[in-house]
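Below: the structure, in structure tokens.
The values are calculated or read from the model by the stated rules, or taken from the named source; none is laboratory data. It should be emphasised that the depicted structure is a prediction, and the values quoted were computed from it without experimental measurement. Quick reminder, even Gly has a Cβ in these numbers, built from the backbone with ideal geometry, and neighbours come from all protein chains shown. The area values use the complete protein model at the heavy-atom level, side chains included, leaving out ligands, DNA and RNA. Shrake-Rupley method; radii C 1.70, N 1.55, O 1.52, S 1.80 Å.
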Amino acid sequence: MSITYDVIVVGSGPAGACAAWGLAKVGVTVAVIEKAALPRYKTCGGGLVGRAMQALPLDVRHVVEQDCHTAQLNFLPAGLSFTTHRPTPIVSMTMRDQFDYALLSAGQAAGAVVHQQCAVENVSFHSDFVTVATTKGSMKTKFVIAADGALSTVARTMGMADGRVLIPALEYEVTVPPDQLDRFQNTARFDFDLLPHGYAWAFPKRQHLSIGVLSMAQRGSDLKSSMARYLDLLGCRSIMQVERHGFVIPIRLRRGPFVDKRILLVGDAAGFADPVTGEGISFAIQSGLMAAQSLIETHLEEESVRQAYAHALAETILPELRTGRWLARLLYNWPRTKSWAFSQYGQRLCEAVTDVMAGKRTYRELAFNSRSILKLLTPNWLRRSADKPARPTDSQA
């Protein structure tokens, strides 16, 4: 097989699917390469925060299993618990195989070609085109969008600078009796300090629970023991079935650049996960659409694409992630400051973070509003650091 496309998207998650849809709908010839058979299971809590739903260019309500208008945040050792409510869903629960496939199907309907069970083996750059070698043959393209996740084959084979921090997470799909499942309905639960430098979550789906733990520290966390304690804390003592999955989340950006040698990095391949929560779908969608728009508006001219994509990121995603990184330090690196802050202002802080997740505010608005509590709590030197203009190559974002 030797085929030529204008753009090849590697990976069919939210970033890749949205990029393919954006390109195909304006007539760009685009192919999506996916190593798995579709639809494929994706390890993820499956919580679509309001911010992600707002970023979506397509209606995917048909794959939402449950809307959570309530979020509960618990700080376990301190015995603090806060509940927030919103008229629109804070988190919409879905299964990623169905969600991702709905987005990809929209791209196919717009004209994108999908090559499934087709793994990328190598990527090579040839001045004005790129060759993508796969298990089903080679393909040529003008540009590649690398949407192939935290362990991106494209970025690795192209030798693109990394610098990300990949943190460990563990997720269980847990089936419990109906009376136990009913206790979790319509509420997204988050529990902090179950383990050092991390948190746990319990998300209700239609017929089971998605329960997970993650640590912001790369090493030294016993996630299996933490999960066992968490299941006991949740009262899940009559588990009927459980599926266990481990994964990693990039909570710091690549060193950059995010576009080089006709390769555009999006989503987890670029390190665009929220450093506060580890949520990656919102910025995956945004970066996929931005990559597509950068290619479209520059008519696939290499240098113009580079400038357009770098500028779009610097104006939107990068400063938000950079500020989020600062806020993550409050939650995970300064336990005494966090305990004091939530004991004094817990409900207001939880309301503010809920607004960010719901897409009503941004981290930058939260941190630098003149009346912001977080501004008062944070040392001056860190505020000055966080307020510096973000750069596409800033590894501290």
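Side notes on the structure shown:
- Using θ = phi - 60° and Karplus 6.51 cos²θ - 1.76 cosθ + 1.60, couplings along region 56-63 (whole Hz; Gly, Pro as x): 5, x, 10, 8, 10, 4, 5, 9
- To put it simply, the accessible area of the chain at a 1.4 Å probe is 50 percent carbon and sulfur.
- Residues with amide H under 5 Å from that of Arg255, placed H, sequence gap 5 or more: Asp162, Gly163, Arg164
- Computed from backbone phi with θ = phi - 60° and the Karplus coefficients 6.51, -1.76 and 1.60, the 3J(HN,Hα) list for region 349-359 is 5, 5, 5, 5, 5, 4, 4, 5, 5, 7, x Hz; x is used for glycine and proline.
- Over 26 Å [Cα-Cα, region 17-138], rounded percent: 39 percent
- Loop exposure criterion: trypsin sites (Lys or Arg not before Pro), DSSP state outside H, G, I, E and B, at most 10 other Cβ atoms within 10 Å. Applied to the chain, the longest stretch between such sites is 1-218.
- The relative contact order of region 186-232, computed from alpha carbon pairs under 8 Å that lie at least 6 residues apart in sequence, is 30 percent.
- Accessible surface for region 1-157, divided over its residues, is 38 Å² per residue with a 1.4 Å probe.
- Choice from Cys118, Cys18, Cys44 with maximal GNM fluctuation in the chain (Cα, 10 Å cutoff): Cys118
- Pairwise FRET efficiency - Asp182 versus Tyr345, Cβ, R0 = 30 Å, nearest 0.05: 0.35
- Placing Leu151, Leu289 in order of accessible area, with the largest value first and a 1.4 Å probe, yields Leu151, Leu289.
- Shown are Asp179, Asp100, Asp67, whose ranking by accessible area with a 1.4 Å probe and every protein chain present, most to least, is Asp179, Asp67, Asp100.
- Here the scattering of region 123-181 is modelled by Debye summation over its C-alpha atoms, one equal scatterer each and no solvent; at q = 0.29, 0.31 Å⁻¹ the log10 of I(q)/I(0) is -1.29, -1.37.
- Solvent-accessible surface of region 165-322, averaged per residue with a 1.4 angstrom probe and all protein chains in place: 38 square angstrom.
- With the convex hull of the Cα atoms taken as the outline of region 164-291, the averaged projected area works out to 8.8 nm².
- Relative to its residue count, region 145-207 spans a Cα convex hull of 141 Å³ per residue.
- The lysines whose alpha-carbon is closer than 23 Å to the alpha-carbon of Lys360, local same-chain residues fewer than 8 away aside, are Lys375.
- As computed over the chain, the Cα convex hull volume per residue (Å³): 131 Å³
- Residues whose placed amide H lies under 5 Å from that of Arg189, excluding near-sequence neighbours: Gln72, Ala202
- HN-Hα J in Hz across region 194-205 - Karplus 6.51, -1.76, 1.60, θ = phi - 60°, x for Gly and Pro: 5, 9, x, 6, x, 8, 10, 9, 9, 10, x, 9
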